[in-house]
Amino acid sequence: GENVEQHPSTLSVQEGDSAVIKCTYSDSASNYFPWYKQELGKRPQLIIDIRSNVGEKKDQRIAVTLNKTAKHFSLHITETQPEDSAVYFCAAKEGNNRLAFGKGNQVVVIP
Amino acid sequence: GAVVSQHPSRVICKSGTSVKIECRSLDFQATTMFWYRQFPKKSLMLMATSNEGSKATYEQGVEKDKFLINHASLTLSTLTVTSAHPEDSSFYICSARGSERGGVYEQYFGPGTRLTVT
């Protein structure tokens, strides 16, 4: 099955700086890669996703890039704000249409 | 995004009793629903996948007789934890996917249910 690895596990950034989280996957057949944001005690929320026919997608301060050859994709958050502090999960769609999740990355934005 | 509700949000039950958790897709038809378990500061552990009108597919190590899943309609799935024990205490989250919302890939999560077994 698909194996998704996410790093770093914890990332602290100064408010206003950029944050980058990288995920790698193992199955070259995976073709859908979403990112979820989960605040403490709340549900994971889909914030951005990318399909394998696209290399980059942007939505305001967040963007996702995909390198199919290297089998990795990254979440970029620019001009970070305190409300960006959360756990971010990446995922890759397996051949059986299920999502394989990474272990999560705790992002802390320091005011 | 699509809206998924889950009820109850919190439940405390005694050891040996059963608890039912409901998951509803409010503004779309969920052809597939997923049930996850999440431990503190940990990732999402998939328990089972259910398609409307068919039996759920359980992940390895998940007891199907203990975690009963019913996906009776395109908007409702239920998870029943039978004969609950303290080790079943956890955060249970459902997720729904419907082909009507941007394709068959996007999954939306419910708010989760905090189960505490005493």
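The values are calculated or read from the model by the stated rules, or taken from the named source; none is laboratory data. Since we're looking at a predicted model, the values are computed, not measured. Virtual Cβ from ideal backbone geometry, glycine too; neighbours counted across all protein chains shown. Remember, those area values only see protein heavy atoms, side chains included, never the ligands or the DNA or RNA. Shrake-Rupley method; radii C 1.70, N 1.55, O 1.52, S 1.80 Å.
Based on what the data block shows, is residue A:13 away from chain B (no Cβ under 14 Å), open to solvent by 60 Å² or more (accessible area, probe 1.4 Å) and at pLDDT 95 or above? When the stated conditions are applied, residue A:13 does not pass them. Meeting the requirement of 1 or more residues that are over 21 Å from residue A:101 (Cα atoms) and touching a residue at least 24 places away in the same chain (Cβ under 8 Å), the strands (runs of 3 or more DSSP E) wholly within segment B:3-64 are B:4-7, B:10-13, B:19-25.
Scan segment B:1-17 for residues that are within 29 Å of residue A:34 (Cβ to Cβ) and open to solvent by 60 Å² or more (accessible area, probe 1.4 Å) and the total you get is 5. For segment B:85-94, state whether one or more residues are hydrophobic (A, V, I, L, M, F, W, C), open to solvent by less than 10 Å² (accessible area, probe 1.4 Å) and within 14 Å of chain A (Cβ to nearest Cβ). Checking segment B:85-94: at least one residue is hydrophobic (A, V, I, L, M, F, W, C), open to solvent by less than 10 Å² (accessible area, probe 1.4 Å) and within 14 Å of chain A (Cβ to nearest Cβ).
Looking only at segment A:71-107, residues that are more than 13 Å from chain B (Cβ to nearest Cβ), aliphatic (A, V, I, L, M) and more than 17 Å from residue A:22 (Cβ to Cβ) come to 0 in all. Among the criteria (1) over 30 Å from residue B:10 (Cβ atoms); (2) surrounded by fewer than 20 Cβ atoms within 10 Å (Cβ to Cβ); (3) charged (D, E, K, R), the one residue A:93 does not fulfil is (2).
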